[in-house]
Amino acid sequence: MRRTPIVSRCAVPVAGAAVCLSLAGCTPPVASAPSPTPTESPGAPVPADPFSLRVGDCIDDDLAGEVLQVPVVDCELEHTAEAYHSERLPDGEYPGLEEVKHTAVDVCLDRFEPFAGIDYDESQHLDFAWYYPTEGSWSTGDREVLCLIMRMDPSTGQTVPTRGTLRGFAQ
């Protein structure tokens, strides 16, 4: 059985109250271009607000626990996950945690094959995780599901660090 990591993240909005996100948490703006390449210290992760992640960003994180920042790295350097799809959920009342999780899985699964080049069920070396809005982040305008793809060791179920993009990986 495959594992899909579930992670909690916290962001501190301008008002100062912490909003926790379950990664599977999210980011308000939907963006298609990756964030600028980290340049502060070549090779070192640049701490980023989890709400600032964009499609094309790579992170070097264990995808577990609660964090206030996400370590973003240049995708050409070793990393554990890459943001491969973003989708904004419709406005309205918060649909509930289970419904949001279900939608996040559907969204990420639907976009997995076009990105990876292989059907999720056929791939033993790739998995996905996601950020999604919690009730708290929804109240601040968060509507984004952000899908992350990672390379996995099928014998251990552990994430394998990779370099470059997993677009078209097809394993």
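The values are calculated or read from the model by the stated rules, or taken from the named source; none is laboratory data. A quick note: this is a predicted structure, and the numbers were derived from the prediction, not measured. Neighbour counts run over all protein chains shown; Cβ positions are idealised from the backbone, glycine included.
Output the residues belonging to segment 134-163 that are on the phi < 0 side of the Ramachandran plot, in contact with a Lys or Arg (Cβ under 6 Å, 6 or more places away or on another chain) and not in a strand (DSSP E or B).
143, 160
Would you check if there is a residue in segment 123-130 being within 19 Å of residue 62 (Cα to Cα) and modelled with pLDDT under 90?
Within segment 123-130, one or more residues are within 19 Å of residue 62 (Cα to Cα) and modelled with pLDDT under 90.
Give me a count of the residues in segment 82-122 that are within 24 Å of residue 58 (Cα to Cα), over 17 Å from the mean Cα position of the chain (by Cα) and surrounded by 14 or more Cβ atoms within 10 Å (Cβ to Cβ).
Summing the residues that are within 24 Å of residue 58 (Cα to Cα), over 17 Å from the mean Cα position of the chain (by Cα) and surrounded by 14 or more Cβ atoms within 10 Å (Cβ to Cβ) in segment 82-122 gives 2.
If you go through segment 131-171 one residue at a time, how many are more than 19 Å from residue 96 (Cα to Cα), at pLDDT 90 or above and of a type in the set (Gly, Ala, Ser)?
So the count comes out to 3.
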